[in-house]
Protein chains: 2
Amino acid sequence: MMENSQIPDIAVSRLPVYLQTLNLLLREGTEVVSSQKLADLLGTTATQIRKDLSFFGGFGKQGSGYNVIRLHEALKDILHLNKIWKVALFGMGHLGQALLRYQGLARRGFEIVLAFDVNEAVIGKKINGMTVLNEAHLEQELKKQNVQIAILTVPAKDAQRLADRLVLSGIKAILSYAPITIKAPDNVQISYVEPVLQLQKMTFYLE
Amino acid sequence: MMENSQIPDIAVSRLPVYLQTLNLLLREGTEVVSSQKLADLLGTTATQIRKDLSFFGGFGKQGSGYNVIRLHEALKDILHLNKIWKVALFGMGHLGQALLRYQGLARRGFEIVLAFDVNEAVIGKKINGMTVLNEAHLEQELKKQNVQIAILTVPAKDAQRLADRLVLSGIKAILSYAPITIKAPDNVQISYVEPVLQLQKMTFYLE
DNA sequence: TTTTTAATGTAAAACCTATATACAATATTC
DNA sequence: GAATATTGTATATAGGTTTTACATTAAAAA
């Protein structure tokens, strides 16, 4: 087992992927899985999985493999997923509304507790049972609820200014759909969802 | 300049990010930018940008930097973005519908020309001017229009079977929102949009 | 015009990280 | 009790990133 700081970031990125597949196995009722079987399902290698897991301890049993329930629980612990994380959503355009209606977030422990916009036309409206609040008052709402995670679906030009306010209000992780690099202190996690960039990368290899 | 195959994949991934910032500069009317300025905007280093670009040729001018218009054009060429790519969209749930209404895809050269679902309740309906087609007939429609790119917002359990059919129908790139690993031949590009996994990674570093 | 400054492009080295290989140790199965 | 399967880890290899260095060229200043 190791200090968080010396664990390769990319290994951490793979844990949620492993967790995903374990979820699948769990629902199928599979009780034990080998690193090789897991690797086949994921299109990776058994060694990589074992190496990644070894940063956090030994979870398997020689000769048989990993108990699915136990490894699943272990990964949830490691990733701090044994609690419900409150999430604030910013931007109530088509994408924001789709996210608000998406069940997959709550199902995996990310509960949207606040929804904001700047547009008077949507503020006060109820979407999926949630009243859209005025972004002007985000500070008090975030602090009242002690929210640590924000999802941004606002226009690129507004993202940085919003992020600055969020950081001041105690937000510690931002998932942004805005096509722009956001600057924040090192202790704030930032991650981008950029489907268009992914398409643009793939076209490089086409034709 | 180099063969595609010997260019690091991660360097290719960064080109769309550079392109994004060049777009921004273009709109601002900036004519020339140095690798250092670009690096500051992106939170990376000047050397890395120059190194990445050097795989594809020399685009700058000593003493001044890069002509924004020229570099922008060059990157678009490299990434094969000087054409309109036809895209087929699968799954007309909240997310699929949001994507259909999203202007950013068409604006950057990805035109959704086909929208499919399996649900009788949506098939035949018009969404954002596009008639939803029956997934049962995807083969003929894809071939008729010669579509090479597909976006999947279908349930995880249906993704692999659908992908298999898509590959047989000539699809060469798949962008999947389904939380599952898709297997396909090496000549087919696959990329995943997985906001929940990104959240799950960030929570590792929280608290 | 000459000098100084700024910036690219590339080469080489050093470093870091990820991946693959190998294998001892151990559990399970036959 | 022997054969097989599988983990966990040590070691080697490969690959990417970062740093340093610098020749070259363009622009700005003197």
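Applying the criterion of being in a loop (DSSP other than H, G, I, E, B) and more than 8 Å from chain A (Cβ to nearest Cβ) to the residues of the range B:156-172, the residue that is farthest from A:Lys201 (Cα to Cα) is B:Ser169.
Each residue in the range B:112-147 was checked for being among the acidic types (Asp, Glu), surrounded by 12 or more Cβ atoms within 10 Å (Cβ to Cβ) and closer than 24 Å to A:Gln97 by Cα, and 1 of them qualify.
Could you go through the range B:54-66 and let me know if any residue there is crowded, with 18+ Cβ neighbours inside 10 Å, in a helix (DSSP H, G or I) and modelled with pLDDT of 90 or more. Within the range B:54-66 (the criterion being crowded, with 18+ Cβ neighbours inside 10 Å, in a helix (DSSP H, G or I) and modelled with pLDDT of 90 or more), the answer is no, since none of the residues qualifies.
Within the range A:105-115, the residues that satisfy the criterion of being in contact with a strand residue (DSSP E or B) (Cβ under 9 Å, 6 or more places away or on another chain) and under 20 Å from A:Gln189 (Cβ atoms) are A:Leu105, A:Gly109, A:Phe110, A:Glu111, A:Ile112, A:Val113, A:Leu114. List, please: which pairs have Cβ atoms under 6 Å, are six or more places apart or on different chains, and start with a residue in the range B:42-57 that is without any contact (Cβ under 8 Å) to a residue 60 or more places away in the chain and end with one that is within 7 Å of DNA strand C (Cβ to nearest atom) and assigned to a helix (DSSP H, G or I)? From residues that are without any contact (Cβ under 8 Å) to a residue 60 or more places away in the chain, the pairs are B:Ala46/B:Ser35; B:Ala46/B:Gln36; B:Ile49/B:Ser35; B:Arg50/B:Ser35.
Is at least one residue of the range A:40-52 out of contact with any helix residue (DSSP H, G or I) (no Cβ under 6 Å at 6 or more places or on another chain) and among the basic types (Lys, Arg)? Scanning the range A:40-52, I find at least one residue that is out of contact with any helix residue (DSSP H, G or I) (no Cβ under 6 Å at 6 or more places or on another chain) and among the basic types (Lys, Arg), so the answer is yes. When A:Leu89, A:Leu99 are checked against the criterion of being in contact (Cβ under 8 Å) with a residue 24 or more places away in the chain, away from every other protein chain (no Cβ under 11 Å), within 27 Å of A:Gln160 (Cβ to Cβ) and surrounded by 20 or more Cβ atoms within 10 Å (Cβ to Cβ), A:Leu89 stands alone in meeting it.
Please work out which one of (1) part of a helix (DSSP H, G or I); (2) modelled with pLDDT under 90; (3) within 9 Å of DNA strand C (Cβ to nearest atom) is the condition A:Ser5 fails and give its number. Of (1) part of a helix (DSSP H, G or I); (2) modelled with pLDDT under 90; (3) within 9 Å of DNA strand C (Cβ to nearest atom), only one is false for A:Ser5: (3). Restricting attention to the range B:3-41 and to residues that are closer than 17 Å to A:Pro179 by Cα and of a type in the set (Gly, Ala, Ser), the residue that is nearest to the chain's Cα centre (by Cα) turns out to be B:Ser13. For the range A:173-193, indicate whether the set of residues that are in a helix (DSSP H, G or I) and either touching a strand residue (DSSP E or B) at 6+ places or on another chain (Cβ under 6 Å) or within 30 Å of B:Val12 (Cα to Cα) (or both) is non-empty. Taking every residue of the range A:173-193 in turn, none turns out to be in a helix (DSSP H, G or I) and either touching a strand residue (DSSP E or B) at 6+ places or on another chain (Cβ under 6 Å) or within 30 Å of B:Val12 (Cα to Cα) (or both).
For the range B:128-171, the tally of residues that are more than 15 Å from B:Ala184 (Cβ to Cβ), hydroxyl-bearing (Ser, Thr, Tyr) and in contact (Cβ under 8 Å) with a residue 24 or more places away in the chain stands at 1. Somewhere in the range B:99-114, is a residue part of a loop (DSSP other than H, G, I, E, B), of a type in the set (Gly, Ala, Ser) and under 18 Å from A:Gln200 (Cα atoms)? Within the range B:99-114, one or more residues are part of a loop (DSSP other than H, G, I, E, B), of a type in the set (Gly, Ala, Ser) and under 18 Å from A:Gln200 (Cα atoms). Inside the range B:23-37, residues that are more than 11 Å from chain A (Cβ to nearest Cβ) and either within 16 Å of DNA strand D (Cβ to nearest atom) or in contact with a Ser or Thr (Cβ under 9 Å, 6 or more places away or on another chain) (or both) make up a count of 8.
Quick grid of which residues meet (1) modelled with pLDDT under 95; (2) under 18 Å from the mean Cα position of the chain (by Cα); (3) of a type outside the set (D, E, K, R):
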site	(1), (2), (3)
A:Leu114	no, yes, yes
A:Glu139	no, no, no
A:Lys143	no, no, no
A:Ile149	no, yes, yes
A:Asp164	no, no, no
A:Leu168	no, no, yes
A:Lys172	no, yes, no
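Every listed requirement among (1) within 16 Å of DNA strand D (Cβ to nearest atom); (2) within 13 Å of chain B (Cβ to nearest Cβ); (3) among the aliphatic types (A, V, I, L, M) is met by A:Ile84 save one, (1). Inspect all residues belonging to the range A:10-18 and state whether any of them is of a type in the set (Val, Ile, Thr) and within 13 Å of DNA strand D (Cβ to nearest atom). Within the range A:10-18, one or more residues are of a type in the set (Val, Ile, Thr) and within 13 Å of DNA strand D (Cβ to nearest atom). Looking at the range B:70-80, can you tell me whether even one residue there is in contact (Cβ under 8 Å) with a residue 60 or more places away in the chain, more than 10 Å from DNA strand D (Cβ to nearest atom) and touching a Ser or Thr at 6+ places or on another chain (Cβ under 8 Å)? Scanning the range B:70-80, I find at least one residue that is in contact (Cβ under 8 Å) with a residue 60 or more places away in the chain, more than 10 Å from DNA strand D (Cβ to nearest atom) and touching a Ser or Thr at 6+ places or on another chain (Cβ under 8 Å), so the answer is yes.
Those residues that are within 24 Å of the chain's Cα centre (by Cα) and under 26 Å from A:Pro185 (Cβ atoms), I need them from the range B:46-67; list them, please. Scanning the range B:46-67 gives B:Gln48, B:Ile49.
The values are calculated or read from the model by the stated rules, or taken from the named source; none is laboratory data. Keep in mind that what you see is a predicted model, and the values were worked out from it rather than measured. With ideal geometry, Cβ positions are generated from the backbone for all residues, glycine too; neighbour counts draw on all protein chains shown.
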